[in-house]
């Protein structure tokens, strides 16, 4: 079997060799995992299933998680490459806005609202590559108006860049969103912008992201009578729960998850499946985040159990549908004995949101691991076709 691009396991081996030929045993000791686990990762027979494990291995190798995931370093995906061509112009727009430069307004308020609505529709369908070309002009137009319009445009930009793998620029966009929302003195948009900020921090900064979410929660409580703010508060609890789980503080993660569940029970699922700013906060979204947190904590049986009660179709956001199927697929795959079910789930995840699935390095790793486990048997056509769409080819 060969891959168009390196895998996480091959990058681990590359950096291990660069560190004076560090042995698998030494790396395992530094990262707090077993030597056979490192061996399985490097061979491709097992995939990394926890963010905290990536952080530990990257720290032991003195590299970033992005280095291990190959984010921002590997051309090859056509959709990402086309979107990447727009990134310098997006970056330039963000710099100009942060420096206080504003272009003269063009078009009417109705036209600008329509442009934002179109980009928001692309976000709901998780079509981030199609969003990217629209963002530079949208940012400049929104900056000319300012306040919540700019906060909304910068939030959309942060979401798009983060999902395309440009997390450092997503952080810049989130900061622009926070500044605009604070200028507007709109508690709901302040909370939404700070949610984008916590989501954009690198995985290694999970503790910082958790503290940032806690601060935002404390500040937003005063305006909790506003339904929009209550939805944002719930999302901030969910963000804090996941980041505390990555930081190894499972008890605190469960506390935040419980708070989110209480808030969700009182507000219910949004009638339109989206809610304020498309956050989709309600019992269904809490269930989806609970699946992700269980996956991060290595509770794969719990992920499968939760999947039986969560109905992602309640929400309109395609990335929430993908999250459900991706977490479920990785839970099936983790056992090494339910690959057929894992493959079916991954196919559903790809159908829900094709572009982000193709760009998700952990999804790709899980598919590679299944292929390694089936290489001595006949490879199912569905697996062969899915692997081909991810740029993975089988060598006879």
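The values are calculated or read from the model by the stated rules, or taken from the named source; none is laboratory data. Fair warning: this is a prediction, and the values are worked out from it, not measured in the lab. Reconstructed Cβ throughout: ideal geometry from the backbone, glycine too, with neighbour counts over all protein chains shown.
Quick check on segment 375-393: of everything there that is touching a residue at least 24 places away in the same chain (Cβ under 8 Å) and surrounded by fewer than 17 Cβ atoms within 10 Å (Cβ to Cβ), which residue is nearest to residue 316 (Cα to Cα)?
389
Of all the helices (runs of 4 or more DSSP H) wholly in segment 163-234, which have at least 1 residues that are in contact (Cβ under 8 Å) with a residue 60 or more places away in the chain and in the same structural domain as residue 280 (by TED's automatic domain parsing)?
Numbers: elements: 167-184, 187-200, 206-220.
Answer list for segment 163-234: 206-220.
Would you check which residues across segment 330-353 are buried (at least 20 other Cβ atoms within 10 Å of the Cβ) and over 25 Å from residue 122 (Cα atoms) and list them?
Within segment 330-353, the subset buried (at least 20 other Cβ atoms within 10 Å of the Cβ) is 330-334, 339, 342-343, 345-346, 349-350, 352-353.
330, 331, 332, 333, 334, 339, 342, 343, listed by residue number.
Tell me, which residue of segment 53-67 that is modelled with pLDDT of 85 or more and closer than 21 Å to residue 298 by Cα is surrounded by the most Cβ atoms within 10 Å (Cβ to Cβ)?
57
From the list 153, 142, 104, 179, exactly one residue is over 18 Å from the mean Cα position of the chain (by Cα) and under 15 Å from residue 278 (Cβ atoms). Which is it?
Values: 142 fails: under 15 Å from residue 278 (Cβ atoms); 104 fails: under 15 Å from residue 278 (Cβ atoms); 179 fails: under 15 Å from residue 278 (Cβ atoms).
Selected residue: 153, the only one of 153, 142, 104, 179 that is over 18 Å from the mean Cα position of the chain (by Cα) and under 15 Å from residue 278 (Cβ atoms).
Can you say whether residue 363 is free of Cβ contacts under 8 Å to residues at least 40 places away in the same chain, assigned to a helix (DSSP H, G or I) and within 23 Å of residue 70 (Cβ to Cβ), as far as the supplied structure shows? Steps first, answer last, please.
On the way: free of Cβ contacts under 8 Å to residues at least 40 places away in the same chain: yes; assigned to a helix (DSSP H, G or I): yes; within 23 Å of residue 70 (Cβ to Cβ): yes.
In short, yes.
So which of 245, 260 is free of Cβ contacts under 8 Å to residues at least 40 places away in the same chain and either assigned by TED's automatic domain parsing to the domain that holds residue 279 or buried (at least 24 other Cβ atoms within 10 Å of the Cβ) (or both)?
Details: 245 fails: free of Cβ contacts under 8 Å to residues at least 40 places away in the same chain.
So the residue among 245, 260 that is free of Cβ contacts under 8 Å to residues at least 40 places away in the same chain and either assigned by TED's automatic domain parsing to the domain that holds residue 279 or buried (at least 24 other Cβ atoms within 10 Å of the Cβ) (or both) is 260.
At pLDDT 90 or above, under 25 Å from residue 156 (Cα atoms) and surrounded by fewer than 19 Cβ atoms within 10 Å (Cβ to Cβ), is that true of residue 287? Let's see the steps before the verdict.
Details: at pLDDT 90 or above: yes; under 25 Å from residue 156 (Cα atoms): yes; surrounded by fewer than 19 Cβ atoms within 10 Å (Cβ to Cβ): no.
No; evaluated as a whole, the condition is false for this residue.
For segment 7-44, name all the residues that are part of a loop (DSSP other than H, G, I, E, B) and either over 24 Å from the mean Cα position of the chain (by Cα) or under 26 Å from residue 206 (Cα atoms) (or both).
Just the residues of segment 7-44 that are part of a loop (DSSP other than H, G, I, E, B), to begin with: 7, 19-23, 32-34, 44.
Listed by number, the residues that qualify are 7, 19, 20, 21, 22, 23, 32, 33, 34.
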